[in-house]
Structures are given as C-alpha cells and as structure tokens.
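All remarks here apply to the structure that follows.
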Amino acid sequence: MHIDYATADAAALNRTHYRPGQKTGHYESFYQRGNHPTEPRAFWIRYTIFTPADMPDAAIGELWAVYFDGVTGEHVVAKEEYPIAECEFSPDSFGARVGDRVLEPGALRGQAYGTNGHIAWDLTYKGDEPPLLLLPPKMYTGGFPKAKSLVGVPLAVYDGTLTVNGLTIGIEGWTGSQNHNWGSRHTDYYAFGQIAGFDEEPDSFLEIVTGRTRIAGPVTTPMVTFLVLRHQDRDYSLVSLGQALRAKADFGYFYWNFASSDESVAIRGRFSASAEHFVGLNYYNPPGGIKHCLNTKIASCELEIHNKATGRRERLTTGNRALMEILTDDRGHGIEIRA
C-alpha cells in the first residue's frame with residue numbers, strides 16, 4: 001500500500017497497515033476522544049490491533065474506553081480483548097470492529113466491561129478540518145521512527161450518548177479528534193499532548209510529542225520534540241528532524257515544559273495536571289514487555305506564540321481540555337494501573 005502522506009485525505013490515511021498473519025510485531029490504534037464544552041469531563045475510546053513479534057497466531061483486538069470526570073474525581077476504565085478472528089480492520093477503507101463493537105466513518109457504537117466498570121457509547125461525529133501530520137511526510141514510509149501518529153479529523157464534534165456504570169450522559173457538541181497510530185514498537189519514553197480547541201481560540205489545534213527510543217541495546221536517541229500548531233488558518237509545523245533535535249523540553253510527574261522554533265515563529269508552553277486526573281494503563285509492546293501509559297484528557301496547558309517578523313506575542317490557554325500522556329518503564333509513578 002502506497003500513500004502520499006503529503007496530499008492524502010483522511011480516508012486514505014486511516015486505512016489499516018496490519019495484515020493478517022504478518023510476523024512483524026505490530027500495534028495499531030484508531031481512537032476517538034472528546035471533551036465537554038465547559039466542564040472537566042472527557043471520553044477516550046480506542047479500537048486496537050496488537051500482535052507480538054514472530055507470533056502472528058497470538059494477534060488480538062483490544063477495545064478500550066475511559067471516562068474522565070474531573071468534577072467528581074471518579075474516572076471509569078474498561079478494556080476487553082478478543083481473538084483477531086473476531087475482529088475486522090479494513091485495509092481498503094476507514095473502519096474497525098472488535099467483537100461486535102463498531103467504528104465507521106462518522107459513527108461509533110459499542111460497549112466495554114472492565115474490573116473498574118462498564119462504558120457504552122452510541123456516538124456520531126463530524127469535522128471538515130484537513131488531516132494533521134505530527135511527522136514529516138517522508139517519515140511515515142521510512143523505518144524511523146518505529147511509531148507513527150496522525151490526526152485524521154482534528155476538531156471533530158461528537159453527539160450522542162455515553163452510559164457509564166448505568167448513568168446515561170448526553171454528548172452534545174463535545175469537541176475532540178479522530179486519531180490513528182501504529183508501529184512495530186512503542187517509543188520507549190515519551191510525553192504526548194493534544195488540544196482540540198483552546199479556551200480563547202476554539203478553532204486552534206495543537207499536537208506535540210517529546211520522546212526518545214532505543215537504537216540498539218542500551219543506546220538511545222537524543223530527546224526530540226515534534227510540534228504542530230494549527231492556528232488562525234495557518235499550520236506551524238515544527239517537525240523537521242533538525243527542529244526536533246534543537247527543541248527544548250523536559251517532563252515528569254505530572255508536568256511538561258517545551259519550546260520549539262524556526263525562522264518565523266517561536267512556540268513555548270507547559271502542560272500540567274494533578275495525579276488525580278490520570279489513569280494508568282498497560283500497553284503491550286510488540287517486541288515484548290509492557291509499558292505503563294499514564295493518561296489524562298483533562299489536563300491544562302498554557303501556550304505562547306511569538307511571531308518573529310512582527311514581534312507579536314499571543315497566549316493560548318485551556319483549563320481542562322488537554323490530552324496528556326506519559327509512556328514509561330518506570331514503576332514508581334504512583335498511578336494505579338486500571339487496565
């Protein structure tokens with residue numbers, strides 16, 4: 001399958017890369033997420049393929065659902081696993097099915113049970129923003145990095161219902177995104193962030209990752225930061241390898257400072273959230289082992305944009321609409337693993 005990532009539309013970018021029976025380890029996720037218009041509440045639903053390296057018969061489909069409630073402080077997590085024979089991921093068009101839980105263009109329906117509770121969803125979504133790439137187009141077809149990520153529908157608007165442990169929640173105009181990621185191994189250590197609409201600029205969209213990964217044995221890459229900001233009809237794509245290496249960033253439990261620039265713009269910012277806003281998840285890694293993903297969709301972010309030509313500075317913020325994840329091998333983070 002050949003895709004020109006520089007010009008492809010969402011339908012082409014969302015085709016499944018996994019092929020049944022492949023021996024190369026692989027993970028691939030199609031996930032949706034949306035935030036309440038004003039309150040610290042959000043959902044995250046993910047349809048995933050996982051196959052361990054050299055074990056094609058062990059491939060499975062994973063169904064994830066998380067409801068974040070920053071008002072009550074009670075987050076609900078559910079996850080189910082199915083043999084790959086009971087799943088369908090289309091290599092020719094956008095679509096996924098895990099068991100009888102379905103994702104299709106503009107809609108998703110299903111439910112998931114877990115030790116932490118039950119979540120059901122019946123949602124539609126729409127959006128007319130063009131796809132957003134977090135990497136240079138040529139990196140999507142090369143061997144580096146091993147993990148790829150893109151946004152098929154930025155600023156997707158969701159309507160419908162969620163049912164969380166028996167309570168039905170009306171979803172009316174929640175804004176988020178439809179996303180697609182895949183690879184032969186997870187990035188070894190990263191912070192990942194996304195904002196689908198800032199409080200002052202609801203049509204602006206940010207996606208960013210800071211991370212490093214092993215090259216061979218104990219040898220790792222330097223820390224790199226890729227950043228794309230879509231703001232006022234312009235894409236600031238600070239994604240060349242040189243820019244990624246020059247960017248400054250540091251993150252920990254539970255903050256993330258970053259700064260990147262080119263000849264025309266300098267962008268800096270900070271994500272933060274309290275530990276109580278995170279849930280812990282087990283991510284299987286195709287080469288072996290399990291990563292811990294510390295995950296929230298109700299973090300805060302402050303962003304400063306400096307136009308070098310005009311000298312103008314803008315400040316964008318969100319109090320509780322930011323996606324923030326940390327992937328780590330560390331087991332001392334203090335966040336309960338819920339699935």
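Report the residue count in segment 75-94 for those that are modelled with pLDDT of 95 or more, under 16 Å from THR48 (Cα atoms) and open to solvent by less than 60 Å² (accessible area, probe 1.4 Å). Show your work before the answer.
Here is the first cut: in segment 75-94, the ones modelled with pLDDT of 95 or more are 75-89.
After this cut, where a residue has to be under 16 Å from THR48 (Cα atoms) as well, the list is 77-89.
Subset that is open to solvent by less than 60 Å² (accessible area, probe 1.4 Å): 77-80, 82, 84, 87, 89.
Residues flagged as modelled with pLDDT of 95 or more, under 16 Å from THR48 (Cα atoms) and open to solvent by less than 60 Å² (accessible area, probe 1.4 Å) within segment 75-94 amount to 8.
Test of understanding: among GLU81, GLU74, which residue is part of a strand (DSSP E or B), out of contact with any helix residue (DSSP H, G or I) (no Cβ under 9 Å at 6 or more places or on another chain), free of Cβ contacts under 8 Å to residues at least 24 places away in the same chain and not hydroxyl-bearing (Ser, Thr, Tyr)?
On the way: GLU74 fails: part of a strand (DSSP E or B).
The unique qualifying residue is GLU81.
Counting residues that are aliphatic (A, V, I, L, M), closer than 20 Å to PRO136 by Cβ and modelled with pLDDT of 95 or more, which strands (runs of 3 or more DSSP E) fully inside segment 225-277 reach at least 2? If you could, list the steps in order and put the result at the bottom.
Numbers: elements: 234-238, 248-252, 255-261, 265-272.
Here the list reads 265-272.
All but one of (1) of a type in the set (D, E, K, R); (2) crowded, with 20+ Cβ neighbours inside 10 Å; (3) assigned to a helix (DSSP H, G or I) hold for ARG33; which doesn't?
(3)
Of all residues in segment 193-224, which are of a type in the set (Gly, Ala, Ser), part of a strand (DSSP E or B) and either in contact (Cβ under 8 Å) with a residue 60 or more places away in the chain or surrounded by 15 or more Cβ atoms within 10 Å (Cβ to Cβ) (or both)? Break it down into steps so the answer makes sense when it comes.
Initial filter on segment 193-224 (of a type in the set (Gly, Ala, Ser)): 193, 196-197, 204, 211, 216-217.
Now narrow it down to the ones that are part of a strand (DSSP E or B): 193, 196, 211, 216.
Selection gives GLY193, ALA196, GLY211.
Test each condition in (1) crowded, with 21+ Cβ neighbours inside 10 Å; (2) on the phi > 0 side of the Ramachandran plot for SER149 and report the one that comes out false.
(2)
So in segment 48-74, with the set limited to residues that are under 17 Å from GLU28 (Cβ atoms) and of a type in the set (Gly, Ala, Ser), which one is surrounded by the most Cβ atoms within 10 Å (Cβ to Cβ)?
Pass one, segment 48-74, residues under 17 Å from GLU28 (Cβ atoms): 48-53, 55-56, 58-64.
With of a type in the set (Gly, Ala, Ser) added as a condition, the list becomes 53, 58-59, 61.
On the way: ALA53: 16, ALA58: 12, ALA59: 20, GLY61: 23.
The selected residue is GLY61.
Rundown of residues vs (1) part of a strand (DSSP E or B); (2) open to solvent by 60 Å² or more (accessible area, probe 1.4 Å); (3) not aliphatic (A, V, I, L, M), yes/no style:
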position: LYS291; (1), (2), (3): yes, no, yes
position: ASN295; (1), (2), (3): yes, no, yes
position: CYS301; (1), (2), (3): yes, no, yes
position: HIS306; (1), (2), (3): yes, no, yes
position: GLY311; (1), (2), (3): no, no, yes
position: ASN320; (1), (2), (3): yes, no, yes
position: MET324; (1), (2), (3): yes, no, no
position: ARG331; (1), (2), (3): no, yes, yes
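For THR168, are the conditions met, namely being modelled with pLDDT under 95, among the polar types (S, T, N, Q), surrounded by fewer than 21 Cβ atoms within 10 Å (Cβ to Cβ) and at negative phi? Write out each step before concluding.
Values: modelled with pLDDT under 95: no; among the polar types (S, T, N, Q): yes; surrounded by fewer than 21 Cβ atoms within 10 Å (Cβ to Cβ): yes; at negative phi: yes.
Judged against the criteria, THR168 is not a match.
Identify, by number, the condition in (1) within 23 Å of PRO83 (Cα to Cα); (2) modelled with pLDDT under 95; (3) not hydrophobic (A, V, I, L, M, F, W, C) that GLN111 doesn't meet.
Result: GLN111 passes all but (2).
Taking the conditions exactly as written (hydroxyl-bearing (Ser, Thr, Tyr) and either within 30 Å of TYR189 (Cα to Cα) or surrounded by fewer than 13 Cβ atoms within 10 Å (Cβ to Cβ) (or both)), does THR161 satisfy them or not? Full working, then the answer.
Values: hydroxyl-bearing (Ser, Thr, Tyr): yes; either within 30 Å of TYR189 (Cα to Cα) or surrounded by fewer than 13 Cβ atoms within 10 Å (Cβ to Cβ) (or both): no.
Answer is no for this residue.
Take the residues in segment 112-129 that are without any contact (Cβ under 8 Å) to a residue 40 or more places away in the chain and under 20 Å from the mean Cα position of the chain (by Cα); name whichever of them is farthest from ALA196 (Cα to Cα).
THR124
Residues of segment 240-252 being free of Cβ contacts under 8 Å to residues at least 60 places away in the same chain and open to solvent by 20 Å² or more (accessible area, probe 1.4 Å), which ones? Please lay out each step first, then the result.
Step one: list which residues in segment 240-252 are free of Cβ contacts under 8 Å to residues at least 60 places away in the same chain, which gives 242-250, 252.
Answer for segment 240-252, where residues must be free of Cβ contacts under 8 Å to residues at least 60 places away in the same chain and open to solvent by 20 Å² or more (accessible area, probe 1.4 Å): GLY242, GLN243, LEU245, ARG246, LYS248, ALA249, ASP250.
Does GLY106 satisfy the criteria of being without any contact (Cβ under 8 Å) to a residue 40 or more places away in the chain, of a type in the set (Gly, Ala, Ser) and crowded, with 19+ Cβ neighbours inside 10 Å? Quick ask: steps written out before the conclusion?
Working: without any contact (Cβ under 8 Å) to a residue 40 or more places away in the chain: yes; of a type in the set (Gly, Ala, Ser): yes; crowded, with 19+ Cβ neighbours inside 10 Å: no.
Taking the combined requirement at face value, the residue does not satisfy it.
Out of segment 86-115, which residues are hydroxyl-bearing (Ser, Thr, Tyr) and either out of contact with any Asp or Glu (no Cβ under 8 Å at 6 or more places or on another chain) or part of a loop (DSSP other than H, G, I, E, B) (or both)? Step through it out loud before you land on a result.
Filtering segment 86-115 for residues hydroxyl-bearing (Ser, Thr, Tyr) gives 90, 93, 113, 115.
Matches in segment 86-115: SER90, SER93, THR115.
Would a scan of segment 121-131 turn up a residue that is in contact with a strand residue (DSSP E or B) (Cβ under 9 Å, 6 or more places away or on another chain), within 19 Å of VAL102 (Cα to Cα), of a type in the set (A, V, I, L, M, F, W, C) and part of a strand (DSSP E or B)?
So far as segment 121-131 goes, yes, one or more of its residues are in contact with a strand residue (DSSP E or B) (Cβ under 9 Å, 6 or more places away or on another chain), within 19 Å of VAL102 (Cα to Cα), of a type in the set (A, V, I, L, M, F, W, C) and part of a strand (DSSP E or B).
Among PHE50, PHE68, PHE30, which is the only one that is within 21 Å of LEU133 (Cβ to Cβ) and of a type in the set (A, V, I, L, M, F, W, C)? Step through it out loud before you land on a result.
On the way: PHE50 fails: within 21 Å of LEU133 (Cβ to Cβ); PHE68 fails: within 21 Å of LEU133 (Cβ to Cβ).
After ruling out the rest, the residue left standing is PHE30.
So which residues in segment 225-239 are open to solvent by less than 50 Å² (accessible area, probe 1.4 Å) and under 23 Å from PHE144 (Cα atoms)? Write out each step before concluding.
Going residue by residue through segment 225-239, those that are open to solvent by less than 50 Å² (accessible area, probe 1.4 Å) are 225-231, 236, 238-239.
Listed by number, the residues that qualify are THR225, PHE226, LEU227, VAL228, LEU229, TYR236, LEU238, VAL239.
The values are calculated or read from the model by the stated rules, or taken from the named source; none is laboratory data. A quick note: this is a predicted structure, and the numbers were derived from the prediction, not measured. Note that we place each Cβ from the backbone using ideal geometry, even for glycine, and neighbour counts take in every protein chain shown. For accessibility, only protein heavy atoms count, side chains too; no ligands or nucleic acids. Shrake-Rupley method; radii C 1.70, N 1.55, O 1.52, S 1.80 Å.
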